Amino acid sequence: MHERLSFHIKRDSFIHNLNPLTKLVLTLTLILIAFTFPWYWTPHLLVLVAIIPLSLLGKVFREFSVTALRLILPAAGFLFLMQAFFQPVGSDVIFKFYFLDVTQESLMFAFRNAMRVFVMVSAFTLFLVTTHPSELMSDLTRRGLPGQFSYVIISTLQILPQIIAKSQTIIAAQRSRGLDTESSFFKRAGSLIPLVGPLVFGSLMEVEERAIAIEARGFTSKQTKTSLHEIPDPSFDQMLRWVLVALIILSIALNLWLS
Amino acid sequence: MAFVNLQNVTYKYPLTKAPVLQNVNLQVDEGEFVSIVGPNGAGKSTLCYALAGFVPHFFKGEISGSIEVDGKESSKSTLDEWVLNVGLAFQNPFNQISGAKYTVFEEIAFGLENIGVPREEMKSRVEDAMALTGIRDLADRSPYSLSGGQQQRVALTSILVMRPKLLVLDEPTSQMDPIGTREVFGTIRKMAEEGMTVVLVEHKMEWIAKFADRVIALKDGSVLLEGKPNEVLTSDLLVENGFGISRYTSTAREAKKQGIWKKESLPVTLDEAAEGFTK
């Protein structure tokens, strides 16, 4: 009931204490380099020299490796298989599976793409795990992101679990009055109809009340908003961001130049 | 000139046929604690929205007459300016939690962030407001993990922290136990004594009798009766018009018919009833 849609793990680490924007730029840098740097082994190396060290530096290695093994690796593995079998490149057939040819090129191609996806999802996971959503949003709002935008993001993260809880309450209430939720698929699908009304209309009513409540607290005030928490942005962070941006530009430039 | 002044206010929501408020005239002095009672559908909540500027600025619809607070006219103001002077808390606490904040402390600071209060002042104002409503121990909890009564206190605190001149409350204690209700009424009373003007919609007659300065009885969108709490809350007009009355009042009414209740005036609270019956 009280669960929130947040991956954030509270720790005190070098990564946690970085400015949220720096972490966002770092994440994008890792992803863009993995996808654009014109050297075959780039994403593989990034896992070793960036993703794993960063998870250690952020003191979230244990949680990260669990997520990586259970979620990211299977997804990347699936992608690898699909691409290895269905990518029609190369002539050097290693083995045949019915009508599907696996060539050395398609294997190499699939391996790199799977690693790229692995880097992308891992980088985002590390970002979400080490950054509190409200810190990220208040930092971005301070830098000029419209307040409405960050409100929508944060409140969705918080209110979705509440709506799920409410739908379960409605289901329980309907079941106690004889609603069938355990027989055939079509019967169950039909039994969802009485759920939709209360949930959708109830949620719409709530939206109106919530709009009044936040309006009463000056949400549309024309004043420049302030923030309860100070989010530090030391010169180290600013420098780091410029270095990362330079790396992105370098990687993209090399990619364009060599292609 | 009264602090709050409603002159012939008639209002109709965009999708209703009949007006919800009809020729409402209402004056409230600065620092006065006025309570509004009335049966369901009497227009109590609409009146609250009108005072807080949401009627007509948020709900649109047709309005005539004038609404003035602190010398300013609602129709000539915008909602974001109006809410700086008039605070509104209403019944359902769950929908008053902004959803944008992860702790109660941040939740209460939300309004101050919006109106641009500097950080240090914000912190001390939030601390003060939490001390006032007795929710300091909830500061680090998630607003969604609280009980209904606790959420109502957070909602009330979130409005109090903005220090409005007029506080409009629409059944702010509906989910509270008697102890919580007493504390919240005490807090509201204190705010009124410090100069905040309070308009409170409430069903709990005994508490109104104990704490409010004046009671206004609303029926079908018009003012039926107004005056001192004990006069209004024991009036025969209330019973005739389908208002809920305190159980002590109705007991004494019956007793009076049978000649057991000897006093002229009827009680609203337990203490008054006990005193009347024992003498």
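Quick notes on this one:
- Percent of Cα-Cα distances greater than 30 Å, calculated over segment B:4-229: 21
- Pairs of Lys in chain A closer than 23 Å at Cα, counting only those 8 or more apart or on different chains: 4
- Listed by Cβ neighbour count within 10 Å, with the fewest neighbours leading, B:Ser45, B:Ser74, A:Ser13 appear as A:Ser13, B:Ser45, B:Ser74.
- Antiparallel content of DSSP bridges confined to the protein assembly as shown, in %, to 5: 60
- Remark on B:Leu21: its backbone amide H falls under 5 Å from those of B:Tyr11, a criterion applied only to residues 5 or more positions apart or on other chains, H modelled at 1.01 Å from N.
- Its Kirkwood hydrodynamic radius, worked out from the mean inverse distance over all distinct Cα pairs, puts segment A:146-216 at 14.0 Å.
- Chain B: relative contact order as a whole-number percent, Cα under 8 Å and 6+ apart: 22
- The equivalent ellipsoid that matches the C-alpha gyration tensor of segment B:153-271 spans semi-axes of 29, 16, 12 angstrom, in descending order.
- Projected area, mean over directions - segment B:9-142, Cα convex hull, nm²: 9.9
- Virtual paramagnetic centre 7 Å along Cα→Cβ of A:Leu57, amide N under 16 Å, in segment A:220-248: A:234-248
- Karplus 3J(HN,Hα) series, Hz, for segment B:38-52 with 6.51 cos²θ - 1.76 cosθ + 1.60 (x for Gly, Pro): x, x, 4, x, 7, x, 4, 5, 4, 4, 4, 4, 5, 5, 7
- Computed from phi, the 3J(HN,Hα) profile of segment B:158-166 under the Karplus parametrisation 6.51, -1.76, 1.60 (θ = phi - 60°) reads 4, 8, 4, 5, 7, 6, x, 7, 10 Hz, with x in place of Gly and Pro.
- Counting neighbouring Cβ atoms within 10 Å and putting the fewest first, the residues B:Val86, A:Val93, A:Val117 line up as A:Val93, A:Val117, B:Val86.
- Candidate lysines for bridging to B:Lys210, where Cα separation is under 17 Å - those fewer than 8 sequence places away on the same chain excluded: B:Lys190, B:Lys228
- For chain B, the longest principal axis of the alpha carbon atoms and the long axis of helix B:178-193 meet at an angle near 70°.
- Based on Cα contacts under 8 Å between residues 6+ apart, chain A shows a relative contact order of 32 percent.
- Loop-located trypsin sites (Lys or Arg not before Pro) in segment A:199-240, at most 16 other Cβ atoms within 10 Å (DSSP): A:Lys222
- Percentage of interatomic Cα-Cα distances in the protein assembly as shown larger than 41 Å: 42
- With the simple spin-label model, which puts each label point 7 Å out from Cα in the Cβ direction, the B:Lys76 to A:Asn255 separation comes to 6.1 nm.
- Amide H partners (placed H, <5 Å) of B:Val223, local residues excluded: B:Asn25
- Sequence-distant residues sharing a close amide H with A:Ile94 (under 5 Å, placed H): A:Val102, A:Thr103, A:Gln104
- Cα-Cα P(r), chain A, percent of pairs per 5 Å interval: 1, 5, 9, 11, 12, 11, 11, 11, 10, 9, 6, 3, 1, 0
- Per-residue HN-Hα couplings for segment A:76-85 [Karplus 6.51, -1.76, 1.60; θ = phi - 60°; Hz; x = Gly/Pro]: 5, x, 4, 4, 4, 4, 4, 6, 4, 7
Computed from the coordinates by the stated procedures, all read-outs in this text should not be read as laboratory data. Predicted, not measured: the structure shown is a model, and the values here were computed from it. Please note: Cβ atoms are built from the backbone with ideal geometry, for glycine as well, and neighbour counts cover all protein chains shown.
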